[in-house]
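Worksheet: one structure, shown below.
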Amino acid sequence: MRERMSGNEAVAYAIKQVNPDVMPAFPITPSTEIPQMVSTFIANGECDTEFIPVESEHSSMSATIGASAAGARALTATSSCGLAFMWEELYIAASDRLPLVLCLVNRALTGPININCDHSDSMGARDSGWIQIYAENNQEVYDNFLMSYRVTEHKDVMLPMMVCQDGFITSHAVENIELMDTDVVKKFVGEYEPENFLLNSAMPMAIGPYATSPFYMETKMNQRIAMKNAKKVILDVCDEYAKISGRQYGLFEEYRLDDAEYAVVIIGSAAGSVKDAIDNLRDKGIKAGLLKLRVFRPFPDEEIAEALKNVKVCAILDRSEAFSATGGPVGAEVKAALYDAKSTVTAINYFYGIGGRDFTVETAENLFNELIEVGNGTKEPEQFQYIGLRK
């Protein structure tokens, strides 16, 4: 079914179709519409999810953890400072191996106060043990949510998942998307049948016990194994979803990358501008390409290095600052992957779009022109430039 929806509407509609058991939530721009719309669906009798209005984002994640631990299929939604307020609970959800989902609408973290898009919220939580998947557009965020529970609830994974979309750019912009039939969605997602949960009287258990030093490291190692397992599970779920939707996804998307000499690595909505720039440059005979990273956790290091092995110069774009000597979160990890693969690619890390700064097709074309200058030796590569910085 073809429909016009914003990214927030698409996620809310997907939630209605999946009909999870429990959704605690607290409003924060630009994710407020998601719980607002879901609560309306519930009030109108269109789904029977138990909606819990709470007093803070910390409480919303606490309640989601409690519901998931009790054996319910649970989720919440937030943005920016709301995610920061959940900080303690993020690690609890991951270490307790709870397969809950967080609809995260990316927004810059304070300060100074800013309500526009960047990835500082989710990237700040990149080491918390959560799976992270990002969308370029409204169709992708809808599809990502429909696939999320199939990944998180898999017995080889059992980790929470952030389904991320760019604030306002994706969340509030209206696009044409293809919706799945609800019966098809329900069959694909299936019923949640947890093996271990607090309300299982036949197998008493504890959630979140104190872990002394002989046990804590083993917990982390098991989380690492689960994160590694998630790669294959994500790909398997993507293949199964393609059969019912006609839309094929993977750990990342390659756009005109096969013979590219110059490439951009990017996450999120700005990939669309890069694609337009690539088409313009290809018309001029310039071999430009894109690697759009969809899954940041688990990080597809070997796969990225393989995809970029024939590129001469690549730009790795970060939409969040890490204040690190090795660059932004994406830059540092991609460059580490290339190093481990003994790649000869010249990799340059840039920062863009921070706090909602515009990133246009023209900006992307200028970036490729700089990569060409580096490739032909007329310009020395300069790391960690801010794209579009006011002079």
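Once you've got the Cα coordinates, tell me which of K186/K243; K220/K309; K16/K232 are over 24 Å apart.
K220/K309; K16/K232
Near the amide H of G71, under 5 Å away, which other amide H atoms are found, from residues 5 or more places off or on another chain, if H is placed in the peptide plane?
L198
FRET efficiency for D239 and K391, Cβ-Cβ distance as r, R0 = 45 Å, nearest 0.05?
0.40
Rounded to the nearest 20 Debye, what is the dipole magnitude of the range 194-313 about its Cα centre when Lys and Arg each give +1 and Asp and Glu each give -1 at the C-beta?
Dipole magnitude for the range 194-313 comes out near 220 debye.
If each Cα of the chain is one equal point scatterer, what is log10 of I(q)/I(0) from the Debye formula at q = 0.08, 0.15 Å⁻¹?
Log-scaled intensity ratios, in q order: -0.41, -1.39.
Loop-only GluC sites (Glu not before Pro) in the range 152-194, please: DSSP not H, G, I, E or B, and at most 14 other Cβ atoms within 10 Å.
Listed in order of number, the matching sites are E191.
Given I267, A12, P204, which one lies farthest toward the positive end of the charge dipole of the chain, if we put +1 on the Cβ of every Lys and Arg and -1 on the Cβ of every Asp and Glu?
I267
With an 8 Å Cα cut-off and a minimum separation of 6 or more residues, compute the relative contact order for the chain in percent.
So the answer I get is 16 percent.
From the phi angles alone, apply the Karplus equation (6.51, -1.76, 1.60; θ = phi - 60°) to the range 287-293 and give each ³J(HN,Hα) in whole Hz, x where the residue is Gly or Pro.
After applying 6.51 cos²θ - 1.76 cosθ + 1.60, I find 7, 9, x, 9, 10, 9, 7 Hz.
P(r) for the range 126-283, please, calculated from all Cα pair distances in 10 Å bins and given in %.
8, 29, 33, 19, 8, 2, 0
Once you put a point 7 Å from the Cα of F323 and another 7 Å from the Cα of E306, both along the Cβ direction, what distance in nm separates them?
Rounded to a tenth, the inter-label distance reads 3.8 nm.
If I take R0 = 22 Å and measure r between the Cβ atoms of N369 and E254 in this structure, what FRET efficiency does the formula 1/(1 + (r/R0)^6) give, to the nearest 0.05? Before the final figure, lay out each step's value.
On the way: r = 22 Å, r/R0 = 0.99.
The pair N369/E254 has a calculated efficiency of 0.50.
Mean-square fluctuation check for the chain, GNM, Cα pairs under 10 Å: which of P20, P35, P209 is largest?
Checking each option, the largest mean-square fluctuation is seen for P209.
Taking the DSSP beta bridges in the chain as the whole, what percent of them are antiparallel, to the nearest 5?
Of all bridge pairs located within the chain, approximately 25 percent are antiparallel.
Can you classify the range 252-386 as rounded, prolate or oblate using the Cα gyration tensor, where a ≥ b ≥ c are the square roots of its eigenvalues, rounded means a/c under 1.5, and otherwise it's prolate if a/b beats b/c and oblate if not?
Cα axes put the range 252-386 in the rounded bin.
Given charges of +1 on the Cβ of Lys and Arg and -1 on the Cβ of Asp and Glu, with all other atoms neutral, how large is the dipole of the chain about its Cα centre, in debye to the nearest 20?
With Lys and Arg at +1 and Asp and Glu at -1, about 540 debye.
On full extension of the chain, what length is gained from E46 through E88, given 0.36 nm per residue of separation minus the C-alpha to C-alpha distance?
Gain on stretching E46 to E88: 11.8 nm.
Enumerate the amide H contacts of F51 below 5 Å, restricted to partners 5 or more residues apart or on another chain; note that Pro and chain-start residues carry no placed amide H.
So F51 has HN proximity to M23.
Charges at C-beta only: +1 for Lys and Arg, -1 for Asp and Glu. How large is the resulting dipole of the range 252-386 about its Cα centre, in Debye rounded to 20?
Using Cβ point charges on Lys, Arg, Asp and Glu, the range 252-386 gives about 60 debye.
What list of ³J(HN,Hα) values in whole Hz, one per residue of the range 253-260 in order, does the Karplus curve 6.51 cos²θ - 1.76 cosθ + 1.60 (θ = phi - 60°) give from phi, with Gly and Pro shown as x?
Calculated HN-Hα couplings, in order: 10, 9, 10, 6, 9, 3, 10, 5 Hz.
When N counts the residues of the range 217-300, how does its alpha-carbon radius of gyration compare numerically with 2.2 N^0.38 Å, as a ratio?
The range 217-300 yields a ratio of 1.37.
Divide by every residue of the chain the summed helix terms, -39500 (n - 2.57) for each DSSP H run of at least 4, and state the resulting mean residue ellipticity at 222 nm, rounded to the nearest 500 deg cm²/dmol.
Roughly -12500 deg cm²/dmol at 222 nm, from the helical runs in the chain.
Bin by bin, in steps of 10 Å, what percent of the Cα pairs in the range 1-96 do you find, going until the bin that has the longest distance?
Result, from short to long distances: 17, 48, 30, 5, 0 percent.
Sorted from largest down, what three extents in whole angstroms do the Cα atoms of the range 183-239 have along their principal axes?
45, 31, 13 Å, listed from the longest principal axis down.
List the aspartates and glutamates whose Cα sits under 16 Å from the Cα of K155, skipping any in the same chain fewer than 8 residues away.
D96, E191, E193, E195, D236
Highest GNM mean-square fluctuation, the chain, Cα pairs closer than 10 Å: which of A307, A67, A77?
A307
Sequence neighbours fewer than 8 away in the same chain don't count; with that in mind, list the aspartates and glutamates whose C-alpha is under 17 Å from K342.
D301, E302, E303, E306, E333
Give a residue-ordered list of calculated ³J(HN,Hα) values for the range 145-151 (Karplus: 6.51 cos²θ - 1.76 cosθ + 1.60, θ = phi - 60°; whole Hz; x for Gly, Pro).
Taking θ as phi minus 60°, the curve returns 5, 4, 8, 4, 5, 5, 7 Hz for the range 145-151.
All of the numbers you see were taken from the coordinates with simple rules; none came from a lab. On a predicted model such as this, the values are computed, not experimentally measured, just so you know. Neighbour counts are summed over all protein chains in view; Cβ atoms, including those assigned to glycine, are modelled from backbone coordinates with ideal geometry.
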